[in-house]
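Novice: The structure that follows is given in the form of structure tokens.
The numbers here are math on the coordinates, done by the rules we state, and not lab data. What you see is a predicted model, and the numbers here were worked out from it, not measured in a lab. Cβ: placed from backbone, ideal geometry, glycine included. Neighbour counts: every protein chain shown.
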Amino acid sequence: MDLDRLLQRARSGDKSAESEILKYLSARFRLLAERRVESREVAEDIAQTACVAVLENYRTAVFDKGFAPWAHGILRMKVGNYYQKRKTLRSTVTSGVEIEGGSGSYDPDPEFMRKLIACLRKLFRANKRYARTLVLAYQGYSVKDICKKLDASRQTHYSNLHRARSLLKECLEMSSE
Amino acid sequence: MSKCTDHKIGRLIHAYETNTIHPDDLETFELHLLKCDYCFQEVSLMTEASRAIRHSEEVKREALAAVGEPKSWGSKLIKWLWPDTPVAFRPALSIALLLLMLYPAYLGLFPEPQEPVSAVERLNLYPTRSDSPAVSSGSKILVSFVVEGVRSDGKYLVEIQNSDNQTVFKESEFDSFDDYETGLLVIGKGLLAPGTYSLVISDAGSEDSEILESYRFVLLPKQ
């Protein structure tokens, strides 16, 4: 889908193009937000708020680097606002108040987890570097430190992970069949 | 499904999913996700797996087990005490130095128990015409006796007999004579009851155990 062409149509008053942009951005914003806030409900809220902000401003806004970076900037701002709000809440509320989405609760499907663990075991056996990368990330090392410890450049690190992902995806697909 | 619009950026996909992407590349990839349908679909398909890889404790345990990370407390303690840092910065060394410095203070606070000092009576027996010397029976007795003609490297039979000629102390291979023919014998506290005793020194090497010298002494009751 050509986002810039859609934008042109929407700016010229095409309502269907506008709703397509909304649909397009909504799914992507949700995905990006989910990774940043860890709670699906909060991510949904942030994605919706960001979409509304995009729709309110896209006709008049000036895009220095293009529409996508501008829209991405709005999403980042909304995520930042969420954390700022949460920080303020945390500092003002003394106790007994559960902040929505703050717990980052994770409740995976047991069947899926079983398959994933089995695939990861295979992958860890086949590729120790992949396991070590994950372990170092779990231990809180930065990407720079991980690359240094594994004696790999950043590009090699990305290539290794990309290959590992292909194997993992293949294994998950096979186990689903 | 279409192909990735930029393979170079598309390679960051799993690093993004597993949160092992460099901060400099994060924005680039997220912008790419906004434009590239292929990568968006890929990330969406693996959302569940990547969430599990990032957050599941079970997955973390599996990864730790796969690389053989130490699990036991003992191994962790050893790793903590002796980490892979310059020797001067290893905690075990600091702890050892600290203990070494604290030991003198510990000895000052809790001194090692010592045997109490007890009085020793000295009994000198010489071959002179005199009364039997007397000492108190309440202390340890250091008996010093002279036997003419003994060798400093010889072995002799030394006995202490009571007034009924019963042997109450015997040392069959006494060899503590010095070059001046003087022997030293220590009799423990309370070994002998008050009374009159004879110290008899014989030649252990001779067939009939020839008596070389005999002294009499008296042990007085404890004061």
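Novice: Let me see the pair-distance distribution of chain B: every alpha carbon pair, 10 Å bin width, integer percents in order.
Specialist: Once binned at 10 Å, the Cα pair distances of chain B give 6, 17, 12, 8, 7, 7, 8, 6, 6, 8, 9, 5, 1, 0.
Novice: From the mean inverse distance of alpha carbon pairs (Kirkwood) and the Cα radius of gyration, derive Rg over Rh for the range B:165-223.
Specialist: 0.99
Novice: Give me the extension gain from residue A:144 to residue A:70: residue separation times 0.36 nm, minus the current Cα-Cα distance, reported in nm with one decimal. Intermediate values should be presented prior to the final figure.
Specialist: Working: separation 74, 0.36 × 74 = 26.64 nm, distance 2.84 nm.
Stretched out fully, the residue A:144 to residue A:70 stretch lengthens by 23.8 nm.
Novice: Oh, and also: With runs of 4+ DSSP H residues as the only contributors, calculate the mean residue ellipticity of chain B at 222 nm using -39,500 (n - 2.57) per run, divided by the residue total and rounded to the nearest 500. Intermediate values should be presented prior to the final figure.
Specialist: Working: 8 runs with 78 residues, N = 223.
Using -39500 (n - 2.57) per qualifying helix, the result is -10000 deg cm²/dmol.
Novice: Hey, if you put +1 on the Cβ of every Lys and Arg and -1 on every Asp and Glu Cβ in chain B, which of B:9, B:218, B:199 ends up farthest toward the positive end of that dipole?
Specialist: B:9
Novice: Under a Cβ-Cβ cut-off of 10 Å, what is the net charge of the residues other than residue B:187 that fall near it, where Lys and Arg count +1 and Asp and Glu count -1?
Specialist: +1
Novice: Which one, B:125, B:154, B:29, is farthest towards the positive end of the dipole of the protein assembly as shown when Lys and Arg carry +1 and Asp and Glu -1 on their Cβ?
Specialist: Checked the options; the winner is B:29.
Novice: What nm value, rounded to one decimal, do you get for the distance between residue A:8 and residue B:134 when each label is placed 7 Å out toward the C-beta?
Specialist: If labels sit at residue A:8 and residue B:134, their model points lie 13.7 nm apart.
Novice: So for the pair residue B:76, residue A:170, with labels modelled 7 Å out along Cα→Cβ, what separation do we get in nm?
Specialist: Distance between the two pseudo-spin positions: 3.7 nm.
Novice: Of all chymotrypsin sites (Phe, Trp or Tyr not before Pro) in the range B:150-191, which ones are in loop regions per DSSP and have a Cβ with at most 14 other Cβ atoms within 10 Å? Walk me through the numbers before you get to the answer.
Specialist: Details: sites: B:156, B:169, B:174, B:177, B:180; in loops: B:180.
Qualifying residues, ordered by number: B:180.
Novice: Next up: Between residue A:162 and residue A:113, what length comes free when the chain is fully extended (0.36 nm per residue of separation minus the Cα-Cα distance, one decimal in nm)?
Specialist: 15.5 nm
Novice: As I understand it, the dipole of chain A uses +1 on the Cβ of Lys and Arg and -1 on the Cβ of Asp and Glu, about the Cα centre. Which of A:29, A:127, A:138 lies farthest toward its positive end?
Specialist: Of the listed residues, the answer is A:127.
Novice: Also, I was wondering about something else. Compute the FRET efficiency between residue B:118 and residue B:94 as 1/(1 + (r/R0)^6), taking r as their Cβ-Cβ distance and R0 = 51 Å, and round to the nearest 0.05.
Specialist: So the FRET efficiency works out to roughly 0.65.
Novice: Calculate the all-directions average of the projected area of the range B:120-220's alpha-carbon convex hull, and give it in nm².
Specialist: 6.1 nm²
Novice: Same structure, new question: Place a +1 charge on the Cβ of each Lys and Arg in the range B:7-108 and a -1 charge on the Cβ of each Asp and Glu, then give the dipole magnitude about the Cα centre in debye, rounded to the nearest 20.
Specialist: Around 540 debye, computed over the range B:7-108.
Novice: Find the Rg to Rh ratio for chain A, where Rh is the Kirkwood radius over alpha-carbon pairs and Rg uses the same atoms.
Specialist: Values: Rg = 20.7 Å, Rh = 19.7 Å.
Ratio of gyration radius to Kirkwood radius for chain A: 1.05.
Novice: Which helices, taking whole DSSP H runs in chain A, have alpha carbons extending 18 angstrom or more along the helix axis plus mean Kyte-Doolittle at least -0.5?
Specialist: A:15-37, A:40-57, A:110-126
Novice: Could you give log10 I(q)/I(0) at q = 0.07, 0.10, 0.13 Å⁻¹ for the protein assembly as shown, computed by the Debye formula over C-alpha point scatterers of equal weight, without solvent?
Specialist: -0.55, -0.85, -1.12
Novice: To one decimal place, what orientation-averaged projected area in nm² is obtained for the convex hull of the Cα set of the range B:23-129?
Specialist: Its Cα hull, projected and averaged over all orientations, spans 17.5 nm².
Novice: Which of the GluC sites (Glu not before Pro) found in the range B:120-168 are in a DSSP loop and have at most 12 neighbouring Cβ atoms, other than their own, within 10 Å?
Specialist: Passing sites in the range B:120-168 are B:148.
Novice: Shifting gears a bit: First obtain the Kirkwood hydrodynamic radius of the range A:110-176 from its Cα pairs, then insert it into the Stokes-Einstein equation at 10 °C and 1.306 mPa s, and state the resulting D in µm² per second as a whole number.
Specialist: On the way: Rh = 12.5 Å.
It comes out at roughly 127 µm²/s.
Novice: Moving on to the next point. Which entries in A:65/B:35; A:148/B:60; A:87/B:35; A:128/B:76 show an alpha-carbon gap greater than 24 Å?
Specialist: Numbers: A:65/B:35 14 Å; A:148/B:60 21 Å; A:87/B:35 32 Å; A:128/B:76 21 Å.
From A:65/B:35; A:148/B:60; A:87/B:35; A:128/B:76, over 24 Å: A:87/B:35.
Novice: Which percent, to the nearest 5, of DSSP beta bridges fully inside the protein assembly as shown are antiparallel? It would help to have the intermediate numbers written out before the result.
Specialist: Numbers: 27 of 36 bridges.
For the protein assembly as shown, the DSSP antiparallel bridge percentage is about 75.
Novice: Expected output is a single nm value to one decimal: the length gained when fully extending between residue B:45 and residue B:5, i.e. 0.36 nm times separation in residues minus the C-alpha distance. What is it? Intermediate results must be reported in sequence, preceding the final value.
Specialist: Details: separation 40, 0.36 × 40 = 14.40 nm, distance 1.79 nm.
Stretched fully, the residue B:45-residue B:5 segment lengthens by 12.6 nm.
Novice: Distance in nm between label sites at residue B:169 and residue B:152, each 7 Å beyond Cα in the beta-carbon direction?
Specialist: My value for the distance between the label points is 2.4 nm.
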